[in-house]
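For reference, the structure is listed below as C-alpha cells.
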Amino acid sequence: MHFVLSPLGLGILVAIIMLVAWRRMPKWLRAIAIVFEVLAVVACCPVGANALVWLIESRVPRTETCAAPAPTAVVVLSGGLDSPPNSPEDFTALDPDSVQRMLSAVALWKKTPSATFAIAGGGPFPISESEVLSNLAESLGVPAASIVREGESQTTWENAQQLRKLQPPLPDRIWLVSSAIHLPRAIASFRAVGFDPCIHVSDRDYLAPQGIGYYVPQSSAVRKSELAIHELLGQAVYAFYGRAPKSS
C-alpha cells in the first residue's frame, strides 16, 4: 500500500511500463503516461509536495475560533510509533508527530486544568501508543486523575469510535488536537459519531518556496507527498463512511 501512495514508486513503475511497451502503446496512452511521469517528478520536489500539503492545510484556519461554551475535554490523537516501545515510559519510540501533538495538547490543557485529558491510539505493538503518551502527559504535568485513554483503535476513524464508547462518556464538545494536515480527516471522523470538535493545530507541514532546492527532487519531499496523498485518499474514504447507512 505504501508503494501505491508513493509518487516515486509509481513513477518508477510507469517508467518501466513505458520502456517495455512504448511501441505498442497508442498515442493517447503515451501522452497520459508522459503527463503522469511529469506529475510524479514534480511531486518528488518540494514545490509539488507542498502544493499537495497546501490543498489540505488551507482548509484549517490559522486562527482558532471556538464559540461558547468552552470545551471541557482536550482530545489528542496519536501520530504513531517509530518502533516497538520497550516500556510504557519509552518516549524515544514515539513518532515526532505524536510528541508535537502531545506538547501542544498539554499547553492547551494547562489553560483549563479542570478539563479531561483524553488520549487516543492503539497501534500494532503490545504496548499501545496511548499508554506511552499518557505517561508522557504525566511527566509534563497532567495528573493521572485527569487522563482517560483508549488503546484499541488502529485508525483515525476508530479513534473517534472508541472515544465515543468511553464510560463515563466524554462531552460532545471537545478540543481536538492534531496536525493541520490530519485535522480535516479527524474532524470528519469525530463529527460522524456526534462530537462537536473545536480544532487546535499542533503543527503545520507546508513550507513556502525557499530557493532553487524547492524545485529539485528530495527524499523529504517524497515523504511529504506520500503523507498528503494518504490524507487525501483517507478523506475520500471517510466521506464515504460518513454517508454510508449505519448497520442496526
Neighbourhood charge, 13 Å Cβ-Cβ cut-off, centred on N50 and excluding it, Lys, Arg +1 and Asp, Glu -1: +1
Residue-span extension gain [Q218 to L5] - 0.36 nm each, minus C-alpha spacing: 75.0 nm
Beta bridges per DSSP with both ends in the chain, % antiparallel, nearest 5: 5 percent
Counted charge near Q162, where neighbours are those whose Cβ lies closer than 11 Å (Asp, Glu -1; Lys, Arg +1): 0
Reciprocal of mean inverse Cα separation for the stretch 10-130 (Kirkwood radius, Å): 18.8 Å
Cβ-based net charge around A118, under 15 Å, with every Lys or Arg adding one and every Asp or Glu removing one: -3
Size of electric dipole in the chain: Cβ of Lys, Arg +1 and of Asp, Glu -1, about Cα centre, debye, nearest 20: 1060 debye
Long-range amide H partners of C198 with built H, under 5 Å: I174, W175, L176
Chain lengthening between V237 and R59 when straightened (0.36 nm per residue, less Cα-Cα): 62.3 nm
Share of carbon and sulfur in the accessible heavy-atom surface of the stretch 38-86 [1.4 Å probe, %]: 63 percent
Computed E for V193/W28 - FRET, C-beta separation, R0 51 angstrom, nearest 0.05: 0.70
Cys with no candidate disulfide partner in the chain (beta-carbon separation under 4.7 Å rule): C44, C45
Over 21 Å [Cα-Cα, the stretch 85-226], rounded percent: 46 percent
Distance from the stretch 1-47 to the stretch 118-185 (C-alpha centre basis), Å: 39 Å
Value of D in µm² per second that Stokes-Einstein yields for the chain, Kirkwood Rh from Cα pairs, at 37 °C (0.692 mPa s): 166 µm²/s
Candidates A115, A144, A105, ranked by Gaussian network fluctuation over the chain, Cα under 10 Å, top entry: A144
Under Karplus coefficients 6.51, -1.76 and 1.60, residue-wise ³J(HN,Hα) of the stretch 160-173 in Hz, glycine/proline x: 5, 4, 5, 5, 5, 8, 4, 10, x, x, 6, x, 5, 8
Gain on full stretching of the segment that runs from L19 to D172 - 0.36 nm per residue minus C-alpha separation: 49.5 nm
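The values are calculated or read from the model by the stated rules, or taken from the named source; none is laboratory data. All figures in this text were calculated on a predicted structure; none of them were measured in a lab. Virtual Cβ from ideal backbone geometry, glycine too; neighbours counted across all protein chains shown. Note: areas computed on protein heavy atoms with side chains; ligands, DNA, RNA excluded. Shrake-Rupley method; radii C 1.70, N 1.55, O 1.52, S 1.80 Å.
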